[in-house]
Amino acid sequence: MTPRFMTTQLMTPQLMSPQLPRPRPWMLSIAALVLVISSCVVPAQETAQPISVPDDVFVTTSLVTTVPEPEVIDVPSFSLSLYWQFQDDQGATRLLRVRRNIEGPSTAAQALSALVDGPTPEERAAREDSGAFFPRVSEIFSPTVGAPNENGVVRVTISDEAGFKENDLDKIPVAEEIVCTLTAIPSINGVVIEDSTGEIPLPDRESQPIVGAAARSNYNCDQVLDEIIVGQVEPSSPATTTPTTTEG
């Protein structure tokens with residue numbers, strides 16, 4: 001072999017640029033894993049933002065809830081107004097009202113029955129230092145009352161044995177007690193008193209004859225200067241209820 005031939009063989013591409021080793025499969029897997037981990041890292045400068053909670057919301061460890069305001073319910077209370085003659089310690093007779101608080105709306109029959117029964121011992125004791133009750137409507141009248149008509153007028157039928165038609169002396173105080181008591185009920189505007197013979201003419205407070213049904217304005221129903229309130233009824237509702245009073 002000549003020297004020239006040896007030089008040419010040493011300068012061939014195979015001798016001047018040897019091939020690099022090919023990457024192994026396990027090396028590619030490690031590189032991919034490093035890339036995935038680096039993409040999941042949260043930057044240190046980012047911080048959690050606080051949550052704003054309204055003042056009217058209570059936060060617990062498990063839930064968020066609001067507490068509603070308690071509902072206030074109006075529960076009405078009712079009263080029964082009764083009118084009796086009262087004789088004071090000076091001997092003067094005037095009308096006195098007793099207001100009994102009851103559980104439901106009063107009716108004409110209920111009011112008339114209570115009027116006949118008279119004041120209770122408690123009601124009499126409330127004024128015993130200034131006089132005494134002098135009721136004029138008693139059991140002898142045996143009164144009954146019907147429902148009010150379209151004009152709010154009721155008819156009260158009394159026993160003939162009471163002698164009311166002929167007793168001019170007691171007509172005014174008896175009629176005053178009955179009329180004032182019944183017309184205190186909101187649905188009643190006037191009263192007609194009758195017996196088995198028909199309607200009985202009634203005089204007003206000034207002894208003048210009344211034309212038609214007797215009304216509150218014919219007597220001293222609304223000029224009562226004194227009254228007794230007894231029998232308070234406690235409402236059967238929660239303490240948040242607000243009672244209102246309905247006359248009648």
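Restricted to region 121-138, and to residues there that are within 23 Å of V174 (Cβ to Cβ) and among the hydrophobic types (A, V, I, L, M, F, W, C), the residue that is surrounded by the most Cβ atoms within 10 Å (Cβ to Cβ) is V137. Only one residue in V174, V116 is aliphatic (A, V, I, L, M) and over 17 Å from R94 (Cβ atoms). Which one? Going through V174, V116 in turn, just one is aliphatic (A, V, I, L, M) and over 17 Å from R94 (Cβ atoms): V116. Residues in region 115-131 that are in contact (Cβ under 8 Å) with a residue 24 or more places away in the chain and not in a helix (DSSP H, G or I): G118, P119, T120, A126, R127, S130, G131. Among the residues of region 100-133, those that are modelled with pLDDT of 90 or more and of a type in the set (A, V, I, L, M, F, W, C) comprise A108, A109, A111, L112, A114, L115, V116, A125, A126, A132, F133. When the test is whether a residue is over 30 Å from the mean Cα position of the chain (by Cα) and among the basic types (K, R), R100 does not pass it.
Here is the figure for region 149-201: residues that are in a helix (DSSP H, G or I), of a type in the set (D, E, K, R) and crowded, with 17+ Cβ neighbours inside 10 Å total 3.
The values are calculated or read from the model by the stated rules, or taken from the named source; none is laboratory data. Owing to the predicted nature of the structure, the values given are computational and were not obtained by experimental measurement. Reconstructed Cβ throughout: ideal geometry from the backbone, glycine too, with neighbour counts over all protein chains shown.
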